[in-house]
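Report on one structure; see the data block that follows.
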Amino acid sequence: MNTHSGRSNAPAAHTALAPTSLLARFSRIRAATEALAAPLSSEDCQVQSMPDASPVKWHLAHVTWFFETFVLERFEPGFKPHHPAFRVLFNSYYNAVGERHPRPERGLLTRPSLHEVMEWRQAVNQRMNALLQGGALNGARGAELAETVELGLQHEQQHQVLILTDVKHLLSASPLLPIYREAWPLASVAPTPARWLAQPGGLVSVGHDGGGFAFDNESPRHSQWLRPYALMNRLVTHGEWLAFMQDGGYRDARWWLSAGWDWVQTRQIEAPLYWQRSGRGTGADWHSFTLHGLVPVDPHTPIVHINYFESDAFARWRSASEREFVNARLPTEFEWEAAVAPDLAQLATRANFVESNALHPMPVARSTAGLLQALGDVWEWTSSSYQGYPGYRPWAGAVGEYNGKFMVNQYVLRGGSCATPASHMRASYRNFFPTDARWQFSGLRLARDGG
């Protein structure tokens, strides 16, 4: 979808919403983004802690750029940009839109100031309100407008997740170990035993079913043949990860893919991201930096901030180390979706999404049965390479760059995390990251062949 194209082939997302409903959703999501930035100083919002992360100020500006560039420029009568230079400064990777400021240098953009960015946000909000209330949704291009606004809202929710993950990385780099949110949500609970849940496999349908919004990489819906398999009832915990570490998991090449072992050796990795050793003993001496500050590692909470290499190595280690876990592995993304989709609504009612305000993966009580922690808490690594489904076609125009051009050297994650908005998640949602990425809230669930 470029600014001069006709109608895109994006899905007819929420086009049945009345203008007041779409406007209310727009206002609510835009306000939620600003609420995430509210605890931060202007200095916090300026800094970029690594090339893969972006300053909060840039996130606030980029999602505003999206609405100005893809909505107002196309649908607002007499459109004029708020500031012509912003088109380049806050373009992320849309080559069809034009020039871009280099990603690793986003933290050098001291101007516009945070105050100016917030003024721009408010100006765009007002213009969007006028557009959505002015009858444009009922015009000849009303469905196209609604689709584009919904895409912008889903895009903004993605950046809400990134604000939290990027802020966590930023604050962890400070010797002061500052706290983003004071309240610590964790209460001690009895651990839930790990057990296998048999899944029948067979011919299953996967991908977006056509109801509501979906990104282009979730389609087309198609059939997959699955052998009978089993999924672990819950996520792998910090306590189980400590056992892997104490058994020399990061020092034993047997468990690692070649590229993963190179990564461990080159980076001198000995623990998940954000872990700090406070002594020479065992688990009690490990602490982890969280959005609530530095806390002792809790053995019953899901392991988080691990990459694909680490997840795969853990599965290999556990398969070889414990009889009940023989042949343990990472699930495929289709195994995950086939197990989760039938009970999605029920699973969502007990999910730890961002609305729970935990901002940290949480344990589950011993008495809980069935598939646990399938939504929220941590993104679950799968063994599936990120690629297009059979018959996949990217959207037309600039927005076609959103997913398709990244379908190389990445793996799929499923389920959302404690930083994900509940309304942003669905069974067909596909996240994707390179094998060494671990600043996201990422963890794992084990699978195996057979029941």
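What to note about this one:
- Rounded to 10°, Cα long-axis angle of helix 19-37 versus longest principal axis of the chain: 60 degrees
- Residue-count net charge about T64 - beta-carbon cut-off 10 Å; Lys, Arg +1, Asp, Glu -1: 0
- Take 39-45, 160-166 and order them by the average number of nearby Cβ atoms within 10 Å per residue, most first; the result is 160-166, 39-45.
- Cα-based reach from K80 at 19 Å (exclusive), listing lysines while leaving out same-chain residues under 8 positions away: none
- The calculated 222 nm mean residue ellipticity attributable to helices in the chain amounts to -9500 deg cm²/dmol, summing -39500 (n - 2.57) over DSSP H runs of n ≥ 4 and dividing by all residues.
- Debye log10 I(q)/I(0) at q = 0.07, 0.08, 0.13 Å⁻¹ for the chain, Cα point scatterers: -0.36, -0.47, -1.25
- Listed by chain and number, the aspartates and glutamates whose alpha-carbon sits under 12 Å from that of K168, ignoring those within fewer than 8 places in the same chain, are D44.
- 5 angstrom amide H check on Y229, placed H, neighbours 5+ away: Q199, G201, G450
- Karplus-derived 3J(HN,Hα) values for region 230-246, using 6.51 cos²θ - 1.76 cosθ + 1.60 with θ = phi - 60°, are 9, 10, 5, 5, 9, 6, 5, 9, 4, x, 5, 5, 4, 5, 4, 5, 5 Hz; glycine and proline are entered as x.
- Across region 123-132, rounded Karplus estimates of 3J(HN,Hα) from the backbone phi angles (6.51 cos²θ - 1.76 cosθ + 1.60, θ = phi - 60°) give 5, 5, 4, 5, 5, 5, 4, 5, 5, 6 Hz, Gly and Pro being marked x.
- C-alpha center-to-center spacing [region 130-154, region 240-262] in angstrom: 51 Å
- Amide H contacts of M362 (H built 1.01 Å from N, in plane; Pro and chain starts excluded): no residue 5 or more places away or on another chain comes under 5 Å.
- Across q = 0.09, 0.23, 0.24 Å⁻¹, region 342-451 modelled as identical point scatterers on its alpha-carbon atoms has Debye log10 I(q)/I(0) values of -0.28, -1.34, -1.38, in the order of the q list.
- Ranked by the mean number of other Cβ atoms within 10 Å of their residues, highest first, the peptides 54-65, 372-383, 144-155, 26-37 come out as 372-383, 54-65, 144-155, 26-37.
- Accessible surface of the chain [probe 1.4 Å, protein heavy atoms]: carbon and sulfur percent: 52 percent
- A cut-off of 5 Å between modelled amide H atoms, ignoring neighbours fewer than 5 places along the same chain, links W286 with S278, V297.
- Taking the longest Cα principal axis of the chain as reference, the axis of helix 56-67 is set at about 50 degrees.
- Whichever aspartates and glutamates have a C-alpha closer than 16 Å to that of K405, once near sequence neighbours (fewer than 8 apart) are set aside: D216, E218
- Cα centroid separation - region 380-451 against region 264-341, whole Å: 19 Å
- Using alpha-carbon coordinates, inclination of helix 308-321 to the longest axis of the chain, degrees: 20 degrees
- For region 168-177, 3J(HN,Hα) computed residue by residue from phi via the Karplus equation (6.51, -1.76, 1.60; θ = phi - 60°) reads 4, 5, 4, 5, 5, 7, 8, x, 7, 6 Hz, glycine and proline entered as x.
The values are calculated or read from the model by the stated rules, or taken from the named source; none is laboratory data. What you see is a predicted model; the values in this text were computed from it and never measured. Don't worry about glycine lacking a Cβ; one is built from the backbone with ideal geometry, like all the others, and counts go over all protein chains shown. For the accessible areas, the whole protein counts, side chains as well, though only heavy atoms, and no ligand, DNA or RNA atoms are used. Shrake-Rupley method; radii C 1.70, N 1.55, O 1.52, S 1.80 Å.
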